[in-house]
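A.B. asks: Quick one: the structure is below, questions incoming.
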Amino acid sequence: MASRSTVERMNRVRKTVDKYRARREELKKAGDYAALARLPRDASPTRIRNLCALTGRSRGVYRKLKISRIKLRELALEGKIPGMRKASW
């Protein structure tokens, strides 16, 4: 399970990205890369890390479901994901 600080940091980064989204687009259209570089680093969307919604794990996260591969497997085994079950033959 990821630390609470990691999850809180990603929430803060998301807020910063949303705050500066319009400004970044304007500066990119104008080609003013010097002003773009003066914006906070966390204003860039590439700083956002996909975290599992259940555990906060950062690796192996399915974008569509927003959960990690481990939790996906557990939930599938429990039958909590409609239309998904573990293969057996």
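A.B. asks: Out of the range 37-89, which residues are among the aliphatic types (A, V, I, L, M) and either touching a Ser or Thr at 6+ places or on another chain (Cβ under 7 Å) or part of a loop (DSSP other than H, G, I, E, B) (or both)? Let's see the steps before the verdict.
C.D. replies: Step one: filter the range 37-89 for residues among the aliphatic types (A, V, I, L, M), giving 37, 39, 43, 48, 51, 53-54, 61, 65, 67, 70, 72, 75-77, 81, 84, 87.
Result: 39, 43, 48, 51, 53, 54, 61, 65, 81, 84, 87.
A.B. asks: Follow-up. Of 88, 68, 3, which residue is among the polar types (S, T, N, Q) and in contact with a Cys (Cβ under 8 Å, 6 or more places away or on another chain)? Before you say what the answer is, go through the steps one by one.
C.D. replies: Working: 88 fails: in contact with a Cys (Cβ under 8 Å, 6 or more places away or on another chain); 3 fails: in contact with a Cys (Cβ under 8 Å, 6 or more places away or on another chain).
Unique residue meeting the criteria: 68.
A.B. asks: A further question on this structure: For the range 29-57, enumerate the residues that are surrounded by 12 or more Cβ atoms within 10 Å (Cβ to Cβ), among the charged types (D, E, K, R) and without any contact (Cβ under 8 Å) to a residue 24 or more places away in the chain.
C.D. replies: 32 - this is the single residue of the range 29-57 that is surrounded by 12 or more Cβ atoms within 10 Å (Cβ to Cβ), among the charged types (D, E, K, R) and without any contact (Cβ under 8 Å) to a residue 24 or more places away in the chain.
A.B. asks: Conditions: (1) in contact with a helix residue (DSSP H, G or I) (Cβ under 6 Å, 6 or more places away or on another chain); (2) assigned by TED's automatic domain parsing to the domain that holds residue 10. Residue 33 meets all but one. Number of the miss?
C.D. replies: Evaluating residue 33 over (1) in contact with a helix residue (DSSP H, G or I) (Cβ under 6 Å, 6 or more places away or on another chain); (2) assigned by TED's automatic domain parsing to the domain that holds residue 10 leaves (1) as the failure.
A.B. asks: Could you run through the range 1-28 and say how many residues are free of Cβ contacts under 8 Å to residues at least 12 places away in the same chain and under 14 Å from the mean Cα position of the chain (by Cα)?
C.D. replies: 5
A.B. asks: Checking the conditions here, which among 26, 8 is loosely packed, with under 15 Cβ neighbours inside 10 Å, of a type in the set (D, E, K, R), part of a helix (DSSP H, G or I) and at pLDDT 95 or above? So that I can check it myself, show each step before the final result.
C.D. replies: Working: 8 fails: at pLDDT 95 or above.
One residue alone meets the criteria, 26.
The values are calculated or read from the model by the stated rules, or taken from the named source; none is laboratory data. The structure displayed is predicted, hence computed values, not measured ones. Cβ: placed from backbone, ideal geometry, glycine included. Neighbour counts: every protein chain shown.
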